[in-house]
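In what follows, a single structure is set out as structure tokens and then discussed.
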Amino acid sequence: MRKEDIIALVQNAVQEVEVRLTKAFEAKLQSATENLRLALDQEKARGNELQLELQKTKAENNRLEQYSRRSHLRIQGLELPSDKDCKEAVAELISNKLAITVSRDDFDAAHPLPTRPRAPPPTLPATTTAKTAAATPTKTIPTIIVRFHQRELRDKVIRARRSLKKTGITIQEDLTAKNAKLLRQMINDTAYSSAWTWEGKVYALPKGQTKPRRIDISELQAE
């Protein structure tokens, strides 16, 4: 056999081996890629399951926390006279302004919460400097939290709270942080004409409609 023929045979054999090795490598690479993709899909599905479980757990914790506040009300804007304690002041407010006969004995507890500042004015006078603005006392809203012995009486009080309109005093349900945030979002949502809570649940009335819808905590937008 000529030398040229031997070289050609060797080259063909090498090419054939290279083709086989390439095909084998590509097959293994494809198999490994498919296995990796399946593993990633499984991990993603598991992650979604865990995220759903976490959301359910948070929602249930929020529900339980709200339920524990079922007998509570928050009264904002009621100044406490120096000669009366919280229970007496609240009983006097409810009896005189809401025409519901109560006494201090109807409350399991009543105490003021740390005050929070009122919203500042949108603009300051041109002559106001940063130093004088900082030195200006900030008005605060006094808040009292009340826990009733009877939920029926608590519900009766909150149903009559419209009588306090234009008095500077408001009565609200004692909401969890999540429910309070959800209520604020619904109030500021231009798709709804009004929003409120009842028994710790948030409701909103879509514009142009007469039937309100309950807003689930899952609709809470992240800031």
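The values are calculated or read from the model by the stated rules, or taken from the named source; none is laboratory data. Here the structure is a predicted model, which is why all the values come from computation and not from measurement. Every residue, glycine among them, receives a Cβ derived from its backbone with ideal geometry; neighbour counts consider all protein chains shown. Each accessible area value is taken on the protein alone, full model and side chains, heavy atoms only, with ligands, DNA and RNA left out. Shrake-Rupley method; radii C 1.70, N 1.55, O 1.52, S 1.80 Å.
Packing here is the average count of other Cβ atoms within 10 Å per residue, and on that basis the peptides 168-179, 140-151, highest first, run 168-179, 140-151.
3J(HN,Hα) along the range 82-95: 5, 9, 10, 8, 4, 4, 5, 5, 5, 4, 5, 4, 5, 5 Hz, from the Karplus curve 6.51 cos²θ - 1.76 cosθ + 1.60 with θ = phi - 60°, whole Hz, x for Gly and Pro. Listed cross-link partners Lys97/Lys166; Lys84/Lys166; Lys165/Lys211 are compared with a 18 Å cut-off, the Cα-Cα value being larger for Lys84/Lys166; Lys165/Lys211. For the range 152-162, putting each phi into the Karplus relation 6.51 cos²θ - 1.76 cosθ + 1.60 with θ = phi - 60° gives couplings of 4, 5, 4, 5, 4, 5, 5, 5, 9, 5, 5 Hz, in residue order, rounded to whole numbers and with x for Gly and Pro.
Among the listed pairs Lys58/Lys156; Lys58/Lys201; Lys23/Lys44; Lys58/Lys178; Lys181/Lys201; Lys178/Lys201, those whose Cα-Cα separation exceeds 21 Å are Lys58/Lys156; Lys23/Lys44.
Between rounded, prolate and oblate, where does the range 16-80 land on the alpha carbon gyration tensor, with a ≥ b ≥ c its root eigenvalues, rounded for a/c under 1.5, else prolate if a/b exceeds b/c? Because a/c hits 1.5 or more and a/b exceeds b/c, the range 16-80 counts as prolate. Note on the chain: antiparallel DSSP beta bridges, both residues inside, total approximately 100 percent of the bridges counted. Neighbours of Thr33 by Cβ distance under 15 Å: Lys/Arg scored +1, Asp/Glu scored -1, total -1. In terms of packing, defined here as the mean over residues of other Cβ atoms within 10 angstrom, the peptides 188-197, 36-45 line up highest first as 188-197, 36-45. Each residue of the range 174-184 was assigned a 3J(HN,Hα) from its phi angle through the Karplus expression (A = 6.51, B = -1.76, C = 1.60, θ = phi - 60°), giving 8, 8, 5, 4, 5, 5, 5, 5, 5, 4, 4 Hz with x at Gly and Pro. Counting only protein heavy atoms and a 1.4 Å probe, the chain has 73 square angstrom of accessible area per residue. Remark: the Cα gyration tensor places the chain in the prolate category, a/c being 1.5 or greater and a/b exceeding b/c. For the peptides 201-209, 27-35, residues were scored by their other Cβ atoms within 10 Å and the scores averaged per peptide; the highest-first order is 201-209, 27-35.
May I ask you to derive the relative contact order of the chain, considering only C-alpha pairs under 8 Å and at least 6 residues apart, and to give it as an integer percent? This gives 20 percent for the chain. Sequence-distant contacts, meaning Cα pairs under 8 Å at least 6 residues apart, place the relative contact order of the range 175-222 at 33 percent.
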